[in-house]
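Okay, structure first, notes after.
The values are calculated or read from the model by the stated rules, or taken from the named source; none is laboratory data. Given the structure is predicted, the values throughout are model-derived calculations rather than measurements. A quick note on method: Cβ atoms are made from the backbone with ideal geometry, for glycine too, and the neighbour counts reach across all protein chains shown. These area figures cover heavy atoms from the full protein model, side chains too; ligands, DNA and RNA do not enter into them. Shrake-Rupley method; radii C 1.70, N 1.55, O 1.52, S 1.80 Å.
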Amino acid sequence: MRSKIVAGNWKMNKNLAETEALLTELVAKLPDTQAEVMVAPTFISLHSAVKQLESSSIEVIAQNMHFAENGAYTGEISPDMLLDIEVDTVIIGHSERRAYFGETNEILNKKVVTALYKNMRVVFCFGEKMEDRKADNHFKVVESQLKNALFSLEASAWSNIVLAYEPVWAIGTGETASPEQAQEMHAFIRKTIAQAYDTAIADTVSILYGGSVKPANAEEIFSKPDVDGGLIGGASLVADDFVAIIKAI
Ligand code: PGA
């Protein structure tokens, strides 16, 4: 059985007090759900969020980390620092990291390898740009992102991987992939993994959709057989919207 997951990526939003307030509201309104619920506040708020959610089922995850264990990497955060505050899941490969911070598939592969070596769980993001889709290259781009960042991993590593397909053109734009486009790509992703590994891995890896998921479209997207949940940006910053999205799963 694949886990259903709804994860909120708060990006560079919410200070310490605002994080605490949003989490308080979320905890109070959290519906009964079989799905795993995760939130990714900024690094500054991670430790206090972990403490605040100690007795909650909501998991606090990180938005990024460095691949090195420690050392002269000004401004970076290591996997051990995250583990030290009991954060053991990390988002890697978000398109904003790729676009604004030059993270290539090779760098992302190093991050994934380190995270898995540290026994962390990885939410790995990838997805094509609009120009790729217009040129009918979206399947090729997605396949090469998976291949270059993940397909050197051993089969056993996949139990700690969650995939998040996020077409870049749908992130923060209000434009969502249609449920059919999401399903088509998620099925392709599973087929690609089955070819590189086997169907057992392809059938058990959770594949989330991300890109302008909101209360109004969540249910239809989540109803697709190969969509196991969502990585939510903007709508996760509003408790009622995030809760409605959790209910939709
Ligand atoms: P969005 O962001 O929901 O605001 O489009 C999704 C994401 O970047 O993970």
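Exactly one condition in (1) out of contact with any Ser or Thr (no Cβ under 6 Å at 6 or more places or on another chain); (2) within 25 Å of residue 3 (Cβ to Cβ); (3) modelled with pLDDT of 95 or more is false for residue 73; which is it?
(2)
Only one of (1) assigned to a loop (DSSP other than H, G, I, E, B); (2) more than 23 Å from residue 36 (Cα to Cα); (3) among the polar types (S, T, N, Q) fails for residue 176. Which number is that?
Unmet for residue 176, out of (1) assigned to a loop (DSSP other than H, G, I, E, B); (2) more than 23 Å from residue 36 (Cα to Cα); (3) among the polar types (S, T, N, Q): (2).
Sort out which residues of region 159-173 are part of a helix (DSSP H, G or I) and open to solvent by less than 10 Å² (accessible area, probe 1.4 Å), and write them in order of number.
170 - this is the single residue of region 159-173 that is part of a helix (DSSP H, G or I) and open to solvent by less than 10 Å² (accessible area, probe 1.4 Å).
Take region 109-143 and flag every residue that is surrounded by fewer than 16 Cβ atoms within 10 Å (Cβ to Cβ) and within 19 Å of residue 205 (Cα to Cα).
If the condition is that a residue be surrounded by fewer than 16 Cβ atoms within 10 Å (Cβ to Cβ) and within 19 Å of residue 205 (Cα to Cα), then 117, 119 are the ones that fit.
Are there strands (runs of 3 or more DSSP E) fully within region 5-106 with at least 2 residues that are over 15 Å from residue 122 (Cβ atoms)? List them.
Correct list: 5-9, 36-40.
So for region 183-190 (the condition being touching a strand residue (DSSP E or B) at 6+ places or on another chain (Cβ under 7 Å), within 15 Å of the ligand (Cβ to nearest atom) and either among the polar types (S, T, N, Q) or open to solvent by less than 40 Å² (accessible area, probe 1.4 Å) (or both)), does at least one residue qualify?
Checked against the condition, which is being touching a strand residue (DSSP E or B) at 6+ places or on another chain (Cβ under 7 Å), within 15 Å of the ligand (Cβ to nearest atom) and either among the polar types (S, T, N, Q) or open to solvent by less than 40 Å² (accessible area, probe 1.4 Å) (or both), region 183-190 yields no hits at all.
Can you confirm whether residue 57 is in contact (Cβ under 8 Å) with a residue 12 or more places away in the chain, open to solvent by less than 50 Å² (accessible area, probe 1.4 Å), small (Gly, Ala, Ser) and on the phi < 0 side of the Ramachandran plot?
no
Kindly provide the set of residues from region 207-242 that are touching a Gly at 6+ places or on another chain (Cβ under 7 Å), assigned to a loop (DSSP other than H, G, I, E, B) and among the hydrophobic types (A, V, I, L, M, F, W, C), ordered by number.
Result: 213, single match.
Anything in region 191-216 that is crowded, with 22+ Cβ neighbours inside 10 Å, in contact with a strand residue (DSSP E or B) (Cβ under 7 Å, 6 or more places away or on another chain) and not aliphatic (A, V, I, L, M)? List them, or say none.
Within region 191-216, 209, 210 meet the criteria.
In region 1-47, how many are within 24 Å of residue 65 (Cα to Cα) and small (Gly, Ala, Ser)?
Adding up the residues that qualify gives 6.
Which of (1) open to solvent by less than 30 Å² (accessible area, probe 1.4 Å); (2) in contact with a strand residue (DSSP E or B) (Cβ under 9 Å, 6 or more places away or on another chain) is the odd one out, the single condition residue 78 does not satisfy?
(2)
Here's a check for you: in region 81-99, which residue that is surrounded by fewer than 19 Cβ atoms within 10 Å (Cβ to Cβ) and away from the ligand (no atom under 15 Å from the Cβ) is nearest to residue 37 (Cα to Cα)?
So the residue we want is 88.
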